[in-house]
Amino acid sequence: MPLTDGGPLGAAPRTSAQAHGALMVQLRHGQPEALRALYDEFGGVTYRLCLRMLASPEDAEETLQDTFLRLEAQAGRYDTARGSVQTFVLTIAHHLCLERLRTRRARPQAQPQAAQPEDPAFDLPAPPAPRDPLDRALVEAALRTLPDTDRLLLEEMFFGGYTHAELTARTGLPLGTVKSRLRRALVKLRERMTP
């Protein structure tokens with residue numbers, strides 16, 4: 001489904017946000033082609049988030065699949081007033097990654113063996129390129145404007161899955177300081193990312 005398809009002749013083209021919202025309505029009504037279209041639209045960025053957080057292609061692929069299964073189950077909870085469909089999808093993926101990371105910390109993992117050159121995993125295609133490199137550049141530029149400590153806390157919380165208490169233990173900063181630095185970093189990022 002092209003995202004700029006205006007539908008009937010003469011109708012104004014829909015924005016991506018409108019098209020994504022329409023797909024969520026279709027998904028709520030049990031139309032499987034909507035899930036496929038949402039996967040085509042957001043699968044790449046979701047996989048990259050999972051891979052960055054989990055650092056394991058196998059875990060990232062499983063979490064990607066779980067994300068879209070949960071998206072299908074929770075389609076009725078999507079609210080346009082609370083954010084875009086992409087934000088909703090990535091929030092689901094983020095929560096699933098955090099669950100995996102916390103499970104890993106609770107249950108030690110076996111050390112992976114070194115991959116052999118004939119390993120079929122090396123034949124897998126690379127994940128697709130980002131849909132909009134400008135978005136990634138904006139996020140990276142906004143992150144660079146943060147003080148190093150704030151940026152590292154934010155990255156460890158979001159991508160590392162660490163709780164406030166764990167960040168306190170890792171950094172030696174008081175809990176209140178960790179929380180206020182994270183809050184300040186998020187506000188600054190929002191200000192820089194909002195047009």
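Observations on the structure shown:
- 5 angstrom amide H check on L173, placed H, neighbours 5+ away: none
- Relative packing of peptides 68-74, 94-100 - highest average C-beta neighbours within 10 Å first: 94-100, 68-74
- In the context of the full protein assembly, Y39 retains an accessible surface of approximately 100 Å², using a probe radius of 1.4 Å and ignoring ligands and nucleic acids.
- In order along region 23-40, the Karplus-derived 3J(HN,Hα) couplings, from 6.51 cos²θ - 1.76 cosθ + 1.60 at θ = phi - 60°, round to 5, 5, 5, 4, 5, 4, 8, x, 8, x, 5, 5, 5, 4, 5, 5, 5, 4 Hz, and Gly and Pro are given as x.
- Inter-probe distance in nm under a simple model that places probes 7 Å from Cα toward Cβ, at T80 and R28: 1.0
- Each Lys or Arg adds one and each Asp or Glu takes one away; over the other residues whose Cβ falls under 14 Å from the Cβ of L146, this sums to +2.
- Two-site FRET efficiency, E191 against E140, from Cβ-Cβ distance with R₀ of 22 Å, rounded to 0.05: 0.85
The values are calculated or read from the model by the stated rules, or taken from the named source; none is laboratory data. Predicted model only: the values in this text are computed from it and were never measured. Here the Cβ is made from the backbone with ideal geometry for all residues, glycine too, and neighbour counts use every protein chain on show. These accessible areas exclude ligands, DNA and RNA; they are computed on the full protein's heavy atoms, side chains included. Shrake-Rupley method; radii C 1.70, N 1.55, O 1.52, S 1.80 Å.
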